Every structure is written in structure tokens, then in C-alpha cells.
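Visitor: Below are the C-alpha cells for one structure; questions will follow.
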Amino acid sequence: MTCPPPALPVDAPTNLLDIPSGHEAEELFEDIVSMPGVRIERIISHGHSTPPERPYVQHWDEWVLVLAGTAELLLEGIGTYRLEPGDHRLIRAGIPHRVTHTDAPTIWLAIHIGET
């Protein structure tokens, strides 16, 4: 028996590079696909960064890819990485990390692996 593919959210973008207007003040986070154990998300940043006192620390791995724009990603205890279109990075579970810079706009694709 074959399982049908997961349904895409009704408002999922049809082109990952399309940028909706009206969201420039805050980062835009859109789930593209979500199913047990994996979530694919598009993030649009407009010069946003993560506050130094609030790094992300996740209990799952996250793979990020910059589709457009540029960003700087700091993985605590590991290093700082400048990401340009096509650059990607795996962020292992438990590693505190933060975005220290993004262009306006920067489009990310993030795949959360093992998220519960």
C-alpha cells in the first residue's frame, strides 16, 4: 500500500524566490512541508539578526541553504560563516547558533531533521 504524498499548506509559495510585500518589518517563516520527523521551511529576512542574548538551541539537526541574498551565521564554539546564494550549512542539535547579519532580502531554505 502506498501512502499519498503529504499535502502542501494552502498558502505555500509556488516559487521559493517570490517575495510577498508587507513583511519587511519582521522575518517571514513559512512551512513548505511538515510531517513527522522533518519540516521544510522558507525564511525571508530583511536585514534581521538574532539577538546575542537569545541564540537558537534546538533538539534536532537543521540544514540551511541561502537561496538569495547573503547572511552570516555564528555557530558557538565552531565558527562564523558567510553564506551566499547556494551556500549551505548543517547545524547539529544542541549547538547554540545565531544569525549575525542578513541582506535585505535574504531567502533561506531550512530543513529541520528529527524535529518533534
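The values are calculated or read from the model by the stated rules, or taken from the named source; none is laboratory data. None of the values given here were measured: they were computed from a predicted structure. Virtual Cβ from ideal backbone geometry, glycine too; neighbours counted across all protein chains shown. For accessibility, only protein heavy atoms count, side chains too; no ligands or nucleic acids. Shrake-Rupley method; radii C 1.70, N 1.55, O 1.52, S 1.80 Å.
Visitor: Being more than 18 Å from residue 18 (Cα to Cα), touching a Ser or Thr at 6+ places or on another chain (Cβ under 7 Å) and surrounded by 15 or more Cβ atoms within 10 Å (Cβ to Cβ) is the filter here; which residues of segment 37-59 pass it?
Guide: If the condition is that a residue be more than 18 Å from residue 18 (Cα to Cα), touching a Ser or Thr at 6+ places or on another chain (Cβ under 7 Å) and surrounded by 15 or more Cβ atoms within 10 Å (Cβ to Cβ), then 48, 49 are the ones that fit.
Visitor: Those residues that are assigned to a strand (DSSP E or B) and hydroxyl-bearing (Ser, Thr, Tyr), I need them from segment 65-104; list them, please.
Guide: 80, 81, 100, 102
Visitor: For segment 59-112, which residues satisfy the criterion of being within 16 Å of residue 46 (Cα to Cα) and touching a residue at least 60 places away in the same chain (Cβ under 8 Å)?
Guide: The answer is 104, 105, 106, 107, 108, 109.
Visitor: Against the definition (outside any strand (DSSP E or B) and within 27 Å of residue 21 (Cβ to Cβ)), how does residue 34 come out, yes or no?
Guide: no
Visitor: Could I ask something else about it? Looking at (1) without any contact (Cβ under 8 Å) to a residue 60 or more places away in the chain; (2) in a strand (DSSP E or B); (3) open to solvent by 30 Å² or more (accessible area, probe 1.4 Å), can you tell me which one residue 23 breaks?
Guide: (2)
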